[in-house]
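Asker: Would you mind keeping the following structure in view while I ask a few things?
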Amino acid sequence: MSWFFWLFVPHSDFWSKFVRLAWWIQFLIYLATGATFILGGVGIWNVMMAAVVTRTREIGLKKAMGAEDRDILAQFLTEALCLSMGAALLGGLLGRIMTEILGHMIHSRPPEVLFFLGLGLGFLFAVVVGVGAGLYPSLRASRMEVVTAIRYE
């Protein structure tokens, strides 16, 4: 109750207004980051579902030739993971380029440890989002019936 009162009750003190503004900015940054992860996951999920639908006959043929469910599951999970890791790699590269450009413009650079920490966390989240978004399409592909998948047009 006290944090709600502190955030919404007007203060005459400049410092308390500054702290309140900083809290809201930080909150909105976290909200935007969360929305980005959710939208990225939905995008990967959508691409993987389209891949499963368009490659239904291929999945049926692989199963008819002896591929097991776990082989199909591993194939589609690997594809989802490659999509998310590729996006993380591209994001890390663009982040590094922007850091260099902005560092040159303001004549100051952030510590290298901070960049590599962000890069590591980005790759960790890419793995989580890739596996999380690719799990359902991979399970759907691995559980297809052979005859139905081969007859699919």
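The values are calculated or read from the model by the stated rules, or taken from the named source; none is laboratory data. Quick caveat, the model's predicted, so the values are computed rather than measured. We place every Cβ from the backbone using ideal geometry, glycine too, and count neighbours over all the protein chains shown.
Asker: Answer with yes or no whether Thr148 is among the polar types (S, T, N, Q) and in contact with a Pro (Cβ under 8 Å, 6 or more places away or on another chain).
Answerer: When the stated conditions are applied, Thr148 does not pass them.
Asker: Going by what's in this entry, would Val113 be described as closer than 19 Å to Ser142 by Cβ and either exposed (fewer than 12 other Cβ atoms within 10 Å of the Cβ) or at pLDDT below 90 (or both)? Outline the logic, then answer.
Answerer: On the way: closer than 19 Å to Ser142 by Cβ: no; either exposed (fewer than 12 other Cβ atoms within 10 Å of the Cβ) or at pLDDT below 90 (or both): yes.
Criteria not met by Val113.
Asker: Which ones in segment 47-57 are surrounded by fewer than 17 Cβ atoms within 10 Å (Cβ to Cβ) and either outside any helix (DSSP H, G or I) or of a type in the set (D, E, K, R) (or both)?
Answerer: Arg57
Asker: Quick check on segment 122-153: of everything there that is without any contact (Cβ under 8 Å) to a residue 24 or more places away in the chain and either touching a strand residue (DSSP E or B) at 6+ places or on another chain (Cβ under 6 Å) or under 23 Å from Gly40 (Cβ atoms) (or both), which residue is surrounded by the fewest Cβ atoms within 10 Å (Cβ to Cβ)?
Answerer: This residue is Leu124.
Asker: What number of residues within segment 58-73 are exposed (fewer than 14 other Cβ atoms within 10 Å of the Cβ) and not acidic (Asp, Glu)?
Answerer: 4
Asker: Pick out the one residue from Leu81, Leu89, Leu119, Leu93 that is under 22 Å from the mean Cα position of the chain (by Cα), without any contact (Cβ under 8 Å) to a residue 60 or more places away in the chain, exposed (fewer than 12 other Cβ atoms within 10 Å of the Cβ) and assigned to a helix (DSSP H, G or I). So that I can check it myself, show each step before the final result.
Answerer: On the way: Leu81 fails: exposed (fewer than 12 other Cβ atoms within 10 Å of the Cβ); Leu89 fails: exposed (fewer than 12 other Cβ atoms within 10 Å of the Cβ); Leu119 fails: exposed (fewer than 12 other Cβ atoms within 10 Å of the Cβ).
Leu93 is the lone residue from the list that is under 22 Å from the mean Cα position of the chain (by Cα), without any contact (Cβ under 8 Å) to a residue 60 or more places away in the chain, exposed (fewer than 12 other Cβ atoms within 10 Å of the Cβ) and assigned to a helix (DSSP H, G or I).
Asker: Quick check on Ile44: is it in contact with a helix residue (DSSP H, G or I) (Cβ under 7 Å, 6 or more places away or on another chain), part of a helix (DSSP H, G or I), in contact (Cβ under 8 Å) with a residue 40 or more places away in the chain and farther than 30 Å from Gly118 by Cα? It would help to see each step written out before you state the result.
Answerer: Values: in contact with a helix residue (DSSP H, G or I) (Cβ under 7 Å, 6 or more places away or on another chain): yes; part of a helix (DSSP H, G or I): yes; in contact (Cβ under 8 Å) with a residue 40 or more places away in the chain: yes; farther than 30 Å from Gly118 by Cα: no.
Here the answer is no, as Ile44 does not meet what is asked.
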